[in-house]
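To start, the structure itself, in structure tokens.
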Amino acid sequence: MSRLRAVVAALTLGVPFVATAADVTRVASSFEDEDPFGMYIDAGFAHSQRRTKIVREVLPKTAGETRQYQDELWYRSYDTRLNLDVAFGIAQDVELSFGLPLVLLQDESWSFVEGNGTSTSTITNNFVRNNCLGPDGITPTGQPCSVSPREPLFNVPDNGYLETFRGGLTRLGNARFGFAWAIFNQLKDETKPTWTVALDYEAPTAKLLDPSFVTSKEQRGDVGDRVHKYTISTALSRQIGLADPYFRMHYTIPVRGPGAWSNCDNRNVEPPNLGRPQNCGLDGWNRKETGIQAPHIAGVIFGSEFQVLDQPTRKFKLDLRAISNYVSKGRYYNELSGALRKLLATGDYMQIGGQFALTAQISDFLSVRGSGMFLYNTDHVLTDEKIGKDLNRNGTVDITETPEELNPNFDYRTDFVSRRFHATESKDFRLDVTATLRF
């Protein structure tokens, strides 16, 4: 009991320890009186997974019933990469940083949920043409909307997986450049917390991902999205005895870069996956309108590090944090893009979860950090293209009389209400191991 009371007192009353900034407020500093040059080199291994159940809207069987959903697929994705980051001080409490990942693999698989299969799935038992103008209408070529025999959206083996393979030993990811400034630093003024502001820029340096490209283990696809991403953030931390609580806010702004993918880039893909490819390039349907629209991301992190061992030769810190992110709607590569082979209009959603980490400081120059993260993604729609827009400004979107108003990306089979796909029971897992050299 006496030891427990001592720990509680240290946490609440602030037993004097040598102050060290929490990981989220770490900034390399140079031109200090006793340290003219500061630098961190982080080399790490990261593996993440996503598991999602994909369901589909179906028409109610009787009038007055609410919208129903049919369980269709389990989706799994795997991302493994090596990360190298370098941060160096350019002034007191001011750093520049650079990071570059090597994406070893980005693999995906789809399999039927239990109880579903080729004989019952709405994916394989599709009887609607992909460019139908209405429930009882005709296609632009004069064909009826109904299909006989069936035309599957894509094929999934009954007792196996549909798979895609991307990444590889030569696939570099997007480079990152960063600037950070510690406005206050508890190391220098114990009356103030450590407060940092930062701007990170992710450059679209990775080779462009082509969702229409059929991949294999021998011929893997690329991983880049050709989108500039700017992340602004601020973080606060303050050591109080054994604890070092912290808080961080961040917001990512995407800007579409030259050469970013548009579904119209491969409008003649087989089997066809665009509702009206002949509208590609017409007035109102340029590459900006039909291409990628990456999501905005905003989030908060709060938690605390705890000094669990502090000895001259060994130091261990425990890090517990809660995470919350908001991902806006957009058109990008989601859980069904690899199967439908195009970018898809995706609804907004929240991510809620946490992270556990342990840092072992082996010497003054070397530390090793291992972490595990879990995120739950709220339910959201995966295929939600707008049917079109009023190009002749007559107050309505009339795709029958004016088919040029039909969105080329819109597919009656997947984007029409009662046929859309949704992500449910979606979870992310991530494991990281990082070695840090401090100079």
Residue match in the range 107-128 (condition: within 20 Å of the chain's Cα centre (by Cα) and aliphatic (A, V, I, L, M)): no
Filtered residue count, the range 309-362, keeping only those that are within 30 Å of residue 73 (Cα to Cα) and among the polar types (S, T, N, Q): 8
Residue 416 closer than 21 Å to residue 293 by Cβ, among the aromatic types (Phe, Trp, Tyr) and open to solvent by less than 30 Å² (accessible area, probe 1.4 Å): no
Filter result for the condition that a residue is under 14 Å from the mean Cα position of the chain (by Cα), surrounded by 13 or more Cβ atoms within 10 Å (Cβ to Cβ) and either modelled with pLDDT of 95 or more or among the basic types (Lys, Arg) (or both), over 327, 381: 327
Hey, residue 75 farther than 24 Å from residue 180 by Cβ and surrounded by 14 or more Cβ atoms within 10 Å (Cβ to Cβ) or not: yes
Checking residue 91 against (1) among the small types (Gly, Ala, Ser); (2) touching an Asp or Glu at 6+ places or on another chain (Cβ under 9 Å); (3) under 30 Å from residue 41 (Cα atoms), the condition it does not meet: (2)
Members of the range 284-309 found to be closer than 24 Å to residue 232 by Cβ and open to solvent by less than 60 Å² (accessible area, probe 1.4 Å), listed by number: 292, 294, 295, 297, 298, 299, 300, 301, 303, 304, 305
Conditions (1) polar (S, T, N, Q); (2) open to solvent by 70 Å² or more (accessible area, probe 1.4 Å); (3) under 30 Å from residue 27 (Cα atoms); number of the one not met by residue 394: (3)
Lone unmet requirement of (1) within 17 Å of the chain's Cα centre (by Cα); (2) open to solvent by 10 Å² or more (accessible area, probe 1.4 Å) for residue 356: (1)
Among (1) more than 30 Å from residue 130 (Cα to Cα); (2) among the β-branched types (Val, Ile, Thr); (3) part of a loop (DSSP other than H, G, I, E, B) - the single one residue 399 does not satisfy: (1)
Cross-chain or 6+ apart pairs with Cβ under 6 Å, the range 18-33 first and on the phi > 0 side of the Ramachandran plot, then at pLDDT 95 or above and open to solvent by 50 Å² or more (accessible area, probe 1.4 Å): 31/92
So residue 411, is it open to solvent by 10 Å² or more (accessible area, probe 1.4 Å) and in a loop (DSSP other than H, G, I, E, B): no
From 226, 176, residue being closer than 15 Å to residue 333 by Cα, open to solvent by 50 Å² or more (accessible area, probe 1.4 Å), under 23 Å from the mean Cα position of the chain (by Cα) and at pLDDT 95 or above: 226
Subset of the range 353-373 (residues that are under 30 Å from residue 208 (Cα atoms) and in contact with a Phe, Trp or Tyr (Cβ under 6 Å, 6 or more places away or on another chain)): 372
Candidate set: the range 245-290, residues that are at pLDDT below 90 and touching a Ser or Thr at 6+ places or on another chain (Cβ under 8 Å); chosen: the one nearest to residue 385 (Cα to Cα): 273
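Each row is one residue, and each column tells you yes or no for (1) modelled with pLDDT of 95 or more; (2) closer than 30 Å to residue 339 by Cβ; (3) open to solvent by 20 Å² or more (accessible area, probe 1.4 Å).
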| site | (1), (2), (3) |
| --- | --- |
| 35 | no, no, yes |
| 49 | yes, yes, yes |
| 54 | yes, yes, no |
| 58 | no, yes, yes |
| 61 | no, yes, yes |
| 101 | yes, yes, no |
Qualifying residue in the range 333-352 (condition: within 30 Å of residue 26 (Cα to Cα) and of a type in the set (Lys, Arg)): no
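Which is buried (at least 20 other Cβ atoms within 10 Å of the Cβ), closer than 23 Å to residue 349 by Cβ and under 17 Å from the mean Cα position of the chain (by Cα), of 204, 254? Write out each step before concluding.
Numbers: 204 fails: closer than 23 Å to residue 349 by Cβ.
Exactly one of 204, 254 is buried (at least 20 other Cβ atoms within 10 Å of the Cβ), closer than 23 Å to residue 349 by Cβ and under 17 Å from the mean Cα position of the chain (by Cα), namely 254.
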Evaluation of residue 188 against (1) basic (Lys, Arg); (2) under 22 Å from residue 46 (Cβ atoms); (3) not in a strand (DSSP E or B) (one fails), failing number: (2)
Sole exception among (1) farther than 17 Å from residue 423 by Cα; (2) open to solvent by less than 60 Å² (accessible area, probe 1.4 Å) for residue 320, by number: (2)
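The values are calculated or read from the model by the stated rules, or taken from the named source; none is laboratory data. What you see is a predicted model, and the numbers here were worked out from it, not measured in a lab. Cβ atoms come from the backbone with ideal geometry, glycine included; neighbour counts cover every protein chain shown. Surface accessibility is based on the protein's heavy atoms, side chains included, excluding ligands, DNA and RNA. Shrake-Rupley method; radii C 1.70, N 1.55, O 1.52, S 1.80 Å.
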